[in-house]
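Taking it in order: structure first as structure tokens, then the write-up.
The values are calculated or read from the model by the stated rules, or taken from the named source; none is laboratory data. What you see is a predicted model; the values in this text were computed from it and never measured. Cβ atoms come from the backbone with ideal geometry, glycine included; neighbour counts cover every protein chain shown. These accessible areas exclude ligands, DNA and RNA; they are computed on the full protein's heavy atoms, side chains included. Shrake-Rupley method; radii C 1.70, N 1.55, O 1.52, S 1.80 Å.
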Amino acid sequence: MYSSEGLDKIFKPRSIAIIGATDRKGTIGRELTHNLISYGFRGMVFPVNPKADVIHSVKCYRSVSDIPDPVDLAIIMVRKDLVLSVVEECGKKGVGGLTVITSGFKEVGPEGAKRELAVLECAMKYNMRMIGPNCFGVINTHPDYMMNATFSRTAPLPGKIGFMSQSGALGEAILNHAKQLGIGFSMFASVGNKADIAGNSLLQYWKDDPSTEIILLYLESFGDPERFTQIARTISKTKPIIAVKSGKTTAGARATASHTGALAGYDIGVDALFDQCGVLRVDTIEELFDLAMAFDLQHAPVGNRVAILTNAGGPGILATDASAALGLDVVRLEPETEKALRTFLPPEAATGNPVDMIASASADHYQKSLHLLFADANVDAIICVFVPPIMIDELAVADAIVAASRNESKPILSCFMGPEESSQGAERLKRAGIPVYTFPEAIAKTYALMGKYTAWKSRPIGTVPPCPDAVTKARATIEAMAKGGQRMVLGNDALEILSQCGIPAATLSPAATEDEAVAVANSIGYPVVLKLDAPGLVHKTDIGGVITDVRGEEELRKHYQSLMQQAADHDLADARVALQAMVSGGVEMVLGMVRDPKFGPMIMCGLGGIFVEVVKDVAFKLPPLTEDDARDMLQHLKAKRLLEGYRGSPAVAIEPIINALVTLSHLIEGFPSILELDINPFKVCPDPSKTKAIDARIVLTNE
């Protein structure tokens, strides 16, 4: 279930039954009950425990059935073997939502999975929505609800961030760290095993929630990547989504026959998914909050030009190096700015960028310098670094930064190096809405990701064009091959399928004898390419099975004999030589797809030829592709400079690449017969009519 329907009963209840409440210290039942009452829940609370009459000075009930009033939400903390009967009783009572804290379900193995399925089926029977089991609880800080239904020792701060964690164990650490940083939540949900409510449901719910302006996700797995893409792509246009996705190991469970398969993996699918729908991926919880703090307190920069202000040379260099490495432009300041800086900074100060005011810089120096940097038309964002010398008043510097930043639209992120995170100066900056970081590298990464988000929001998504009839016919050809037991389509057969789809391909002409090869070459016209063609031969170049730029009969006969000798040396039965017109110039690319067991088909493009798996300059996306998606794939390649023209070489025609990628998207989407596909090389040329698929292979399945 991916609907947000019914989630109000969990996040906006007017009455809560705490099943498993207790006064016994050190228990989850006691701590959650205490949190719910002490945080100031605005509705009715009904502790349920057959062995108690009163808990936390509140009347206790023997069962949920004994509660005389309607119950919106039941929080369940009983033994795992009792959960099903409690859920059944809640259903009969008419409870709308469940939060199952109890563990011992799917996470412990097959028997637990059976218990979980039974609980889910019971909840569905009574139309109850459920978070958990095996979760940490839920929070809604809105003043109309004030619900802290977790067993955390840290009371959450109110704010505008919705946080979903798949890990209950991280809940305590997340709430504590957020409070130290001064970050507040609108809602918090630990979803545990995600039996019912998972990330997609919460995204849909928070999409329309006016109290939630930023969404944070800690994910361990995906339930429905396609649905995630649809929801997140819409939300990201108005609300940033920031995610930590754990488990970065590459999926290598299945041997692959294609370059695309060799380059793909589970984590590639995650990156492709996030990039396509505007989700900002970070590596750690710390980076998650670094970025959340910036979005929470500051505007996103409109460009990537940063100015660095510091009172110490070392941190200024660190900030400069990190910014440059992440694609930020440590910009040249306007001459007027540098001239004005020199009027009040000491002669030893550096007034370029970074601006190093040296250790004697006062609060007044910070304030005047920041005024100039904010006014500089070359600057989009500011990194302000302060290393507190013993003779400089830290609070005065903080006040100066606050005063200079007041009413400015450009973002400023600060770094206080040396004092503790909770230093008075740092706290004063946070209260004024200026994020504080321990090291300048964190600021550079934060700005880079904010800039990425700004760029994604401004990029058109485009529309998916209708599937051409030619692709539908090619699918029928492929499906017939798969049902007939064919598992690999190579050489001319593969190229003909591409040509049938509308992807230009260079025809291969087989020759059974040396004389026939000469006749074919005379028909094609020199220069030609010779390729060894044998059943099951996938990577021809690995055995020297491709010879290019053959320019005459004598040369052709020599190479023909050489290729047939290679076939004999490698025991290749039914081998022959195929000839192809030589396509000169241009850039060799690789286009392809691989079917990931979790994410489905993934489309790849990149720098091709024999070094594709060595260079690994590739980009992946999930279908369906728009033309804008395809163009964005090319923008992610380092090789884009080769496509645009490099050191005197002409730019290649981009449209044939775009058309080929969109055609591939049409071919593979919703068509499981293709397991893997490679077009390598796909030779792209300045003249679009010369752009051709030179070689291809298609791996089929009838599953």
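What figure, in Å² to the nearest 10, do you get for the accessible area of K9 with a 1.4 Å probe and non-protein molecules left out?
About 90 Å², ignoring ligands and nucleic acids.
Convex hull over the Cα atoms of segment 444-516, averaged projected area in nm²?
Reported value for the Cα convex hull: 10.3 nm².
Rank W206, W456 by accessible area, highest first, at a 1.4 Å probe radius?
W456, W206
Given N residues in segment 99-154, what is Rg(Cα) / (2.2 N^0.38 Å)?
For segment 99-154, the normalised Cα radius of gyration is 1.35.
Which whole-number percent of Cα pairs in segment 20-74 have a distance greater than 18 Å?
Cα-Cα pairs of segment 20-74 separated by over 18 Å account for 26 percent.
Taking the alpha-carbon centroid of each part, what is the distance from segment 121-148 to segment 309-384 in angstrom?
Their Cα centres are 50 Å away from one another.
Farthest toward the dipole's positive end in the chain, which of F163, A573, P435, given Cβ charges of +1 (Lys, Arg) and -1 (Asp, Glu) about the Cα centre?
It is F163.
Along each principal axis of its Cα atoms, how long is the chain end to end? Whole angstroms, biggest number first, please.
100, 78, 41
What does the extension gain come out to for D8 and D224, with contour length at 0.36 nm per residue minus their alpha carbon separation?
Once the chain is fully extended between D8 and D224, it gains 75.5 nm.
To the nearest 10 degrees, how steep is helix 394-405 against the longest Cα principal axis of the chain, on a 0 to 90 scale?
60
Suppose every K and R has +1 on its Cβ and every D and E has -1 on its Cβ; what is the size of the dipole of the chain about the Cα centre, in Debye to the nearest 20?
1840
If the limit is 22 Å between Cα atoms, which of K9/K93; K239/K410; K59/K179; K452/K692; K80/K245; K125/K194 go over it?
In this structure, K59/K179; K452/K692; K80/K245 lie more than 22 Å apart at Cα.
So, by mean Cβ neighbours within 10 angstrom, what's the order for 142-149, 602-609 with the highest one leading?
Result, highest mean Cβ count within 10 Å first: 602-609, 142-149.
For segment 55-200, what does the alpha-carbon gyration tensor say about shape, rounded, prolate or oblate, given a ≥ b ≥ c as the root eigenvalues, a/c under 1.5 as rounded, and a/b over b/c as prolate?
Oblate, since a/c reaches 1.5 and b/c is not below a/b.
Let me make sure I get this right: for segment 506-552, a, b and c are the square roots of the gyration tensor eigenvalues over alpha carbons, sorted descending. Under 1.5 in a/c it's rounded, otherwise prolate if a/b > b/c, else oblate. Which is it?
It comes out prolate by the Cα gyration axes.
Over all directions, how big on average is the projection of the convex hull of the alpha-carbon atoms in segment 575-703, in square nanometres?
Averaging across all directions leaves 9.1 nm² for the Cα convex hull.
If you take the alpha carbon radius of gyration of segment 424-558 and divide it by 2.2 N^0.38 Å, what ratio comes out, to two decimals?
Dividing the Cα Rg of segment 424-558 by 2.2 N^0.38 Å gives 1.99.
Taking the 0 to 90 degree range and rounding to the nearest ten, how far is the long axis of helix 363-375 tilted relative to the main principal axis of the chain, both from C-alpha atoms?
50
Can you tell me the orientation of helix 110-125 relative to the chain, as the angle in degrees between its alpha-carbon axis and the longest Cα principal axis, to the nearest 10?
Once rounded, the angle reads 70 degrees.
Hey, which aspartates and glutamates would be in cross-link range of K540, C-alpha to C-alpha under 18 Å, not counting anything within fewer than 8 residues on its own chain?
Within reach: D493, D549, D569, D571, D574, E588, E613, E676, D678, D695.
Per q in 0.25 1/Å, what log10 I(q)/I(0) does a Debye calculation on the alpha-carbon atoms of segment 294-372 return?
One equal scatterer on each Cα of segment 294-372 leads to -1.25.
With a 1.4 Å probe and every protein chain kept in, tell me what percent of the accessible surface of segment 48-180 is carbon plus sulfur.
The C+S portion of the solvent-accessible surface of segment 48-180 is 53 percent.
When only alpha-carbon atoms count, how far does segment 490-593 stretch along each of its three principal axes, as whole angstroms with the largest first?
34, 30, 22
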